[in-house]
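To start, the structure itself, in structure tokens.
The values are calculated or read from the model by the stated rules, or taken from the named source; none is laboratory data. Bear in mind that the values here come from a model prediction, so they are computed numbers and not experimental data. Here the Cβ is made from the backbone with ideal geometry for all residues, glycine too, and neighbour counts use every protein chain on show. Heads up: the accessible areas ignore ligands, DNA and RNA and are worked out on the full protein's heavy atoms, side chains in. Shrake-Rupley method; radii C 1.70, N 1.55, O 1.52, S 1.80 Å.
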Amino acid sequence: MASAAPPPPDAEPPECPVCLSPFDAASAAPRVLPCGHSLCGPCIASLPPASASAASLRCPLCSQCVPYSRALGPSSLPKNLALISLLPSLPNPSRSLTAAAMPPPLHLPLHADHSRLLARFRHAVLPESASPLHSAPPGPTPAGLAIGSFASDLRAPWFCPRGHPVSLLAVETPASGAPKQESPFYRPSHAARVVAAIDALSGAAREEVIDLVAVSARLARRVCRVYGVWMGPEAAPLWLVSERHSGGVPRMLEERSSGVEMVARIRAVGMEVCEAFMGLHSEGMVLGCLGLGCFFLDRFGHCFLDLNQALALCRGVRAGVCSSKYKVFMAPEAAVVVHDKLQIKDRDLSGLLGPSSDAWLLSCFLVALVTGDEQLAAGWNADGSYDDWKNEVLTSVDASLIGTQMEPLSAIILSCLNYDPEGRPEIADVWKCISGSLMNSNIEALTSNVDLATRKSFMCLLLGELSSMCTDFGADESDDKMQSSQDSDGKHSASDEESSGGFVNIEEVGAAGMDEPKRGELYNSSTLLAHRDCVTGLSIGGAFLFSSSYDKTINVWSLQDFSHIQSLKGHEHKITAIAVVDNDNQSLCISGDSGSGIFIWCIDPSLNNEPLNKWYESNDWLYQGVHCLAVSGTGYLYTGSRDKSIKAWSLEDYSLRCTMTGHKSTVSCLAVACGILYSGSWDGSIRSWWLTDHSPLSVLEEGTPGSIAPVLSISTEANFVVASYENGLLKIWKDDVLVKSEKLQNGAIYAAKLNRKWLYTGGWDKVVNIQELLEDESEVEIRDVATFTCDSIITSILYWDGRLIVGLSNREIKGP
């Protein structure tokens with residue numbers, strides 16, 4: 001094919017139709033507007049906005065209103081390569097690239113889908129010239145942050161001078177395989193690469209990024225501003241860039257003084273920290289955990305909360321490496337949620353942590369500020385008695401404040417350390433107490449637009465998507481394997497969503513530790529794939545296997561060949577429990593979700609996709625959610641809830657017949673045997689109840705203060721009761737008498753199943769233990785029979801017809 005002929009030497013160069021100046025390849029390059037017309041860059045930059053919105057302009061040639069990002073300038077628009085090839089100063093690249101130096105690559109136009117995303121994130125994408133890593137020391141800081149400064153002045157909307165110090169937190173993006181080799185002629189612009197990385201994030205992570213940028217801008221008086229995201233010229237990662245000050249609160253504690261100066265400093269810093277908390281709460285955001293290193297002082301001595309530092313600390317807590325090493329402040333209810341890894345996976349935790357949890361953090365901060373002992377303030381995160389620690393805090397605070405004008409602060413600090421979140425005062429009351437001795441001010445001016453009582457949910461930084469990216473702290477290897485397993489199964493997700501079909505993979509599993517002739521033998525195992533999130537329950541009824549998941553669906557499998565039959569959809573929240581009851585008239589599948597919904601499904605050959613009945617528990621929004629289910633032969637359904645109660649529902653008219661109370665925390669598991677209902681709770685206790693009149697019978701286990709281990713699973717067989725705990729313990733009762741207590745695994749045991757004399761357990765260690773109960777008249781022993789290693793955390797175990805079926809957190813079901 002003949003190449004295009006160059007323009008004649010005497011031909012006039014193309015010119016801009018607005019200013020009539022000739023185009024050139026540098027300062028006046030032709031840029032293509034979305035309407036198709038080409039103007040020079042200076043003319044585009046000088047055009048006024050088309051309306052009140054600054055993100056658009058009107059083409060002077062066709063008068064069409066087109067989108068345009070003024071923050072990024074004309075460089076965000078593609079160049080007109082056809083006009084550039086006609087410029088006499090630039091040789092035609094099709095003639096001979098070998099005879100001259102290769103021109104720099106041109107920017108590819110922005111993808112249409114990314115244009116809308118860029119319009120939303122236009123104030124959160126820092127220009128490439130910012131280059132905040134140009135002065136960063138090699139390697140991350142101990143908190144997982146990189147420290148740098150801006151390489152150039154930033155104009156609106158950031159208004160930051162060159163050399164302004166910042167902190168950078170890596171935002172993890174899903175792996176996209178090997179990097180593609182870029183063309184020598186074309187490459188994506190900086191904005192296109194950043195928006196593509198933002199688009200690769202989950203929807204929740206994108207919302208968190210935009211919320212942090214907006215909230216920090218509105219609270220710039222007390223919170224370090226999060227400027228936005230930036231990406232280097234080479235490749236990932238995407239960085240979250242935040243303002244940073246040099247002075248830290250820990251350094252202030254080292255320079256403690258005595259007398260009036262100390263009281264004035266405590267009062268000033270304490271009030272500003274209270275205002276930072278109140279500002280976040282007014283925006284619907286809570287922290288969940290905190291450390292002294294999250295606060296910095298500017299050159300005038302004012303205190304600011306660094307959200308990047310708080311996010312890095314949250315990642316360390318989620319990875320399980322920060323509790324003692326970094327002296328983290330965390331409320332008891334937040335510690336329970338974080339330590340229960342399966343509850344962290346359930347993203348529907350909007351009502352679990354609120355401003356009262358941050359009141360605990362504020363009191364710990366004040367304890368460290370008053371006493372100068374950061375270890376004491378975070379002391380209850382370690383092993384020990386809560387009452388002893390609280391008394392030690394009271395003694396130390398009283399000794400530091402005695403004889404000063406701030407003695408009343410001791411009482412309100414103690415109130416904020418109340419174990420019950422409902423018993424803690426509001427942070428506004430703490431602010432009043434600190435400022436009361438200085439002035440008779442009214443805090444209504446600060447909180448006039450804040451009605452925390454009517455707000456139903458808060459975005460918790462600790463439980464968010466950005467905090468779950470724990471790569472900088474060396475996250476647990478199991479999480480990496482879970483993620484890689486989910487990524488490798490991604491090719492099945494799309495087809496599952498379209499057809500709700502299941503995928504069965506046959507493989508071999510090895511048995512280790514066998515004392516019998518079958519030691520080391522390989523057993524066939526099939527993998528059932530249809531869910532798109534963690535499997536939460538397994539149950540059998542009506543010749544079907546039912547599995548529930550956090551993906552809000554119930555999958556139905558045939559017990560003949562374990563083929564997938566259909567998916568039952570209707571839940572609006574994560575399904576947390578499932579049970580099946582076989583009556584004389586009909587069989588029912590019952591499911592409960594984290595939004596307190598209870599659904600009844602009729603099991604018949606048609607398997608209707610619509611529920612037979614559904615209703616919702618009426619409980620406090622702070623403790624909503626059904627956590628476990630059990631069915632008795634007396635026609636009752638029992639639900640264990642986050643509101644610490646057990647409810648009995650009639651299966652005849654689905655009415656509430658009784659509410660049983662006694663537990664001090666979430667009821668986590670239920671089991672029925674021999675006319676008795678057994679219940680386990682996160683408070684570490686196990687209680688029994690009569691099924692005849694639902695009256696309390698006995699307490700098998702009572703949680704010991706200071707060493708409470710949540711009960712995660714209960715299984716019964718004849719006169720035996722088996723319970724598994726979060727700390728890896730397994731306890732066995734015979735005739736309501738504790739006969740065996742043994743630590744089986746290092747991590748939490750989420751599933752325990754007792755079938756005759758065989759005991760099956762599994763959990764965080766990804767190992768299924770098969771053991772035999774050996775009993776005589778005086779004691780009970782456990783003999784190891786076999787162990788099976790799985791690819792992910794074991795969440796549920798079901799034994800049926802001599803076969804073991806296991807549900808995993810990576811959405812797989814291991815079957816026979």
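Data for the structure
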| read-out | value |
| --- | --- |
| Rg over Rh, two decimals, segment 15-85 (C-alpha only, Kirkwood Rh) | 0.94 |
| Shape call, segment 523-616: gyration tensor on alpha carbons, a/c limit 1.5 | oblate |
| HN-Hα J in Hz across segment 712-728 - Karplus 6.51, -1.76, 1.60, θ = phi - 60°, x for Gly and Pro | 10, 7, 9, 9, 10, 7, 6, 9, 9, 10, 10, 10, 10, 10, 5, 8, x |
| Filtered GluC sites (Glu not before Pro), segment 717-804: DSSP coil and at most 10 other beta carbons within 10 Å | Glu777, Glu779 |
| Separation between Cα centres of segment 621-693 and segment 560-614, rounded to whole Å | 19 |
| In order through segment 562-567: 3J(HN,Hα) via Karplus (6.51 cos²θ - 1.76 cosθ + 1.60), integer Hz, x for Gly, Pro | 6, 7, 7, 9, 6, 10 |
| Gain in span if fully extended, Val260 to Thr634, counting 0.36 nm per residue against the direct Cα distance | 127.6 nm |
| Protein-only accessible surface order, largest first, of His571, His123 at 1.4 Å | His123, His571 |
| J(HN,Hα) series, segment 802-807, from Karplus relation 6.51 cos²θ - 1.76 cosθ + 1.60, nearest Hz, glycine and proline x | x, 10, 10, 10, 10, x |
| Fraction of accessible area attributable to carbon and sulfur, segment 523-616 (%, probe 1.4 Å) | 41 |
| Length-normalised contact order for segment 557-601 - Cα pairs under 8 Å, 6+ apart - percent | 29 |
| Members of Lys327/Lys647; Lys664/Lys731; Lys644/Lys814; Lys664/Lys734; Lys552/Lys743 lying beyond 31 Å, as alpha-carbon distances in this model show | Lys327/Lys647; Lys644/Lys814; Lys552/Lys743 |
| Stretch gain in nm, segment Gln64-Asn608, where the contour uses 0.36 nm per residue and the Cα spacing is subtracted | 190.5 nm |
| Per-pair calculated FRET efficiency, R0 = 56 Å: Ala220 and Ala543 via Cβ, rounded to 0.05 | 0.30 |
